[in-house]
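Shown next, in structure tokens, is the structure this report addresses.
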């Protein structure tokens, strides 16, 4: 290891330091390619060396068996979950005597086509059986919570929308709801219904995307094509309404950015009328198919108690039989005024997670149809000059409007001191936003509780004892979006 | 402990009228795990979120009566599915000793969240089974979400790449 620090070598141009132990030629015993790998500190339980030793806060990777104590092994296998009698993992089941010669640690990712982004799973295998799993994340970390502290509330929605890039409108929604809760304002009725329409459409597109990628992970290429085909219709509507296919910055504090386009009812109705029968086609393609069922049924099971203990939310929690949906349990927007069912599974396996999502698509379309019927006339954003910019037409004729417009976009609006936690049901689970305001126009602290980040913790439980061939299927059924995991 | 008196049912608790699900409880650091355990026993099945705030720039901020503000604050969002109720437990953590006991034994789901707070704030969770960095590389210097960690101040760091074999 080198003694240099990165600051000494800003250009990174110097050649790498010589590695005395691992030359391809020179030593009597031919150096094996993994010599250096095994000689590294944390792998063998020793101390890290060089630069890592100076600053290291500990290794994030899965450690080899001989470097891991029995208690730690049991913890990684889920034995410490607080479960009732009869559910708890029997410590005797966990073979702590197994030696490193019998097991193998492999990396799945971060560059792996079916980990849905830069997720790195370290799997310990005994033959084909997965013994331990550790997700290693952070490869997509861009410091968005820190960035959020530097942006005004007006700019903030642009930042958060990039977190969960498959359901950007939910990110914008939770940020806007939190900001409005601090401001103490209520947006007009039409804006609320538009928000519901857009976020349900986004749930449809996100779940369709999941159906597509899950189908592909299980080898059903047709499902992949079908899922993307239907999602395209929703994205085309998003583009028509917001101008962008993703990262819309459409839902903003104070309302939405623009009114729905002319003829939106027809567009939305066409989407509903097309997607609904095609869901039945998916049913025929996958649900009854013996191959699909064998690859999903009783694979990657998680019990309700485990899910609760691990703070898992969303379709994974519902697949275990707990009817917890924030739209129903703690209604936001006008979800208490529409009629829909909360879909639950029974066994908490891959198949239940699939069927929960498939039927949630149907429920979302049911909600969308009700929203189309009940969309009230009115304003699509708050007419409060301190929060939202004045209409474009007013700027030409009113000096005051021009000033307000300028102020909103340069300085932003001031938000009273306080702190608030708002949570909504995103396609992946509880999406929360914790905002702390110091009275200025920028959040003092913005924390996003990403459902994917927390749900990833359930992977080791689901994978334990399964086959390596099912690891991809289990990982896919958790539906992690790495933009949100790493933020 | 520097913070005020806490009854074991969970400390000083307040509801904000007009804002649903914004119940806040301040607990002292010494009574933290006990208070959270009491909430768990009272039906809060899930720890929805755990994060921290660095109040370095807001020295004279207002907190509840009897609570001495400190630099750091660990915020735990507990969720009761059966009662459809949330409570936010806030713990003051002094700058001189940035550590709190872990909640891992009460809610195993906080594992990743506590690692995240440790990574980004440098708050140590005593007793956490695997307290390592989670989002930043393990050889990163500093804790980015602290308020004295300047934006753009640190040059881009790369993990040392292994040389050619």
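Structure notes:
- If you check A:192, A:204, A:234 for being within 18 Å of the chain's Cα centre (by Cα) and modelled with pLDDT of 90 or more, only one passes: A:204.
- Residues in the range B:101-110 that are surrounded by fewer than 24 Cβ atoms within 10 Å (Cβ to Cβ) and not in a loop (DSSP other than H, G, I, E, B) were compared, and the one that is nearest to the other protein chains (Cβ to nearest Cβ) is B:108.
- For the range B:78-89, residues that are closer than 18 Å to residue A:446 by Cα, surrounded by 23 or more Cβ atoms within 10 Å (Cβ to Cβ) and at the interface with another protein chain (Cβ under 10 Å from one of its Cβ atoms) total 0.
- Search result, residues across the range A:306-324 that are over 17 Å from the mean Cα position of the chain (by Cα) and crowded, with 17+ Cβ neighbours inside 10 Å: A:306, A:308, A:309, A:319, A:320, A:322, A:324
- Any pair with Cβ under 7 angstrom, 6 or more apart, that starts in the range A:286-297 at a residue that is over 17 Å from residue A:221 (Cβ atoms) and ends at one that is surrounded by fewer than 18 Cβ atoms within 10 Å (Cβ to Cβ): none
- Of residues in the range A:148-170 being under 19 Å from residue B:149 (Cα atoms) and more than 19 Å from the chain's Cα centre (by Cα), the one farthest from the other protein chains (Cβ to nearest Cβ): A:151
- Failed condition for residue B:134, given (1) more than 8 Å from chain A (Cβ to nearest Cβ); (2) at pLDDT below 90; (3) in contact with a helix residue (DSSP H, G or I) (Cβ under 8 Å, 6 or more places away or on another chain): (1)
- Helices (runs of 4 or more DSSP H) wholly inside the range A:146-244 that include at least 3 residues being in contact with a strand residue (DSSP E or B) (Cβ under 6 Å, 6 or more places away or on another chain): A:168-183, A:189-217
- Residues (touching a residue at least 40 places away in the same chain (Cβ under 8 Å) and crowded, with 21+ Cβ neighbours inside 10 Å) located in the range A:339-354: A:348, A:349, A:350, A:351, A:353, A:354
- Residues being out of contact with any helix residue (DSSP H, G or I) (no Cβ under 8 Å at 6 or more places or on another chain), at the interface with chain A (Cβ under 10 Å from one of its Cβ atoms) and surrounded by 16 or more Cβ atoms within 10 Å (Cβ to Cβ) - total across the range B:34-77: 8
- Only a single item in (1) more than 30 Å from residue A:318 (Cα to Cα); (2) more than 10 Å from every other protein chain (Cβ to nearest Cβ) is not met by residue B:128, and it is number (1).
- In the range B:49-85, the residues that are at pLDDT 90 or above, in contact with a strand residue (DSSP E or B) (Cβ under 6 Å, 6 or more places away or on another chain) and farther than 22 Å from residue B:146 by Cβ: B:78, B:79
- In the set A:459, A:435, only one residue is part of a helix (DSSP H, G or I) and within 14 Å of chain B (Cβ to nearest Cβ); that residue is A:459.
Residues are listed down the side, and each one gets a yes or a no for (1) touching a helix residue (DSSP H, G or I) at 6+ places or on another chain (Cβ under 6 Å); (2) under 25 Å from residue A:377 (Cα atoms):
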| residue | (1), (2) |
| --- | --- |
| A:199 | yes, yes |
| A:202 | yes, yes |
| A:233 | yes, no |
| A:242 | no, yes |
| A:250 | yes, yes |
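- Screening the candidates A:416, A:427 for the property of being more than 14 Å from every other protein chain (Cβ to nearest Cβ), touching a residue at least 40 places away in the same chain (Cβ under 8 Å) and in contact with a helix residue (DSSP H, G or I) (Cβ under 9 Å, 6 or more places away or on another chain) yields one hit, A:427.
- Residue A:330 passes every criterion in (1) more than 14 Å from every other protein chain (Cβ to nearest Cβ); (2) surrounded by fewer than 22 Cβ atoms within 10 Å (Cβ to Cβ); (3) in contact with a strand residue (DSSP E or B) (Cβ under 8 Å, 6 or more places away or on another chain) apart from (1).
The values are calculated or read from the model by the stated rules, or taken from the named source; none is laboratory data. Nothing here was measured: the structure is a model prediction, and the numbers come from that model. When we count neighbours, we look across all protein chains shown, and the Cβ atoms used for this are built from the backbone with ideal geometry, even at glycine.
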